[in-house]
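Read the figures in this text as sums done on the coordinates, not as results from a lab. If you're wondering where the values come from, they're calculated on a predicted model, not measured in any experiment. Counting neighbours? That spans all protein chains shown, and the Cβs are built from the backbone with ideal geometry, glycine included.
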Amino acid sequence: MKKRLLAVFLLLALIVGLAACQKPEPDPHEGMIYVDTGGAYNWLYPVPGFPVSDYKKEDFVREGDRIKYIGTDYKATLGVDVSFHQQTIDWKAVADAGVSFAMIRCGYRGSSEGGLFEDEKFRENIEGATAAGLKVGVYFFSQATGAVEAAEEANYVLNLIKGYKLTMPVAFDWEPLANSRSAVPNKEKLTSAAVTFCEMIKDAGYEPCVYFYRTIAYYHYDLARIKDYNIWLGAVTEYPDFYYKHRIWQFSYQSKIPGIQTETDLNLHFERIAPLPSPSPSDKGK
């Protein structure tokens, strides 16, 4: 009986010893992030040096078709982005509805033949929004196939905005269109196009920005090369869940705003609130 118990004890000790010696299974996702890439969650490697977003889900509440920021780290203002699709706009009514800024399409590149065109309502919109007291920026709807065409677009934009005072960024907005001459994005060429556009805008004294939605950002841009530009994110979600820092969040594509006849996009612009200065040692004794 004693021999049997000893054998059982030795067997158990052997099993425990072997278990202790076994190496743990390697984590297949070590060093990766789990993010919503636009309709699905996926594991991706983070971009070195790209600041991470610090927006918190609990700081956002929905009020009808608007989303309000209730946190204390940022000042968030409501804005619209518009083009000729929104027809004639009553900008005073828009301002009275609580809208503080407008991103206005100044122009676009044709998707089939690649011509450059001014938005039919650009001048009317920028002048009306400015007169109503809104901050204004512009975006160009790009279909550039690479850096050369992006440079053409930047020059075209700079000519369009000459003489207007911008108080918001100038955005590069590339989006895939079915049957477009640039429908299938090449990461290197698309990123080079964005960088070329932004550098030319910056060199002219304006604030550049890149617009994208999450799928384009995660899979079609080399984010490491555009991490130093302002980001304008399009994502219809309950809070801005893009992993990296972004300044403007487009949270709705189908909202109604007084003064705009059609549905329009809504955005929040975030400006960090500077922390109060710490009291000096001499102040603490007062």
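Results, tabulated for the structure shown:
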| item | result |
| --- | --- |
| Residue order, fewest to most surrounding Cβ atoms within 10 angstrom, among His220, His85 | His85, His220 |
| Value of relative contact order over the chain, rounded to a whole percent, pairs C-alpha under 8 Å and six or more apart | 21 |
| Cα centroid separation - segment 182-235 against segment 77-91, whole Å | 23 |
| Ordering of 146-155, 33-42 by packing [mean C-beta count within 10 Å, highest first] | 146-155, 33-42 |
| Residue exposure sequence - Met200, Met168, Met32 - by fewest surrounding Cβ within 10 Å | Met32, Met200, Met168 |
| Global form of segment 33-272, assessed from the alpha-carbon gyration tensor, a/c cut-off 1.5 | oblate |
| Across Lys68/Lys162; Lys121/Lys162; Lys56/Lys92; Lys135/Lys187; Lys92/Lys165; Lys165/Lys227, pairs whose alpha-carbon gap is larger than 24 Å | Lys68/Lys162; Lys56/Lys92; Lys135/Lys187; Lys165/Lys227 |
| Charge tally in the Cβ shell below 9 Å around Leu266, where Lys, Arg are +1 and Asp, Glu are -1, Leu266 excluded | -2 |
| Antiparallel %, DSSP beta bridges [both residues in the chain], to 5 | 45 |
| Formal net charge of residues neighbouring Ile201 (Cβ-Cβ distance under 12 Å; K, R +1; D, E -1) | -3 |
| Computed over segment 129-282, Cα set: Rg, Dmax in Å | 17.3, 69 |
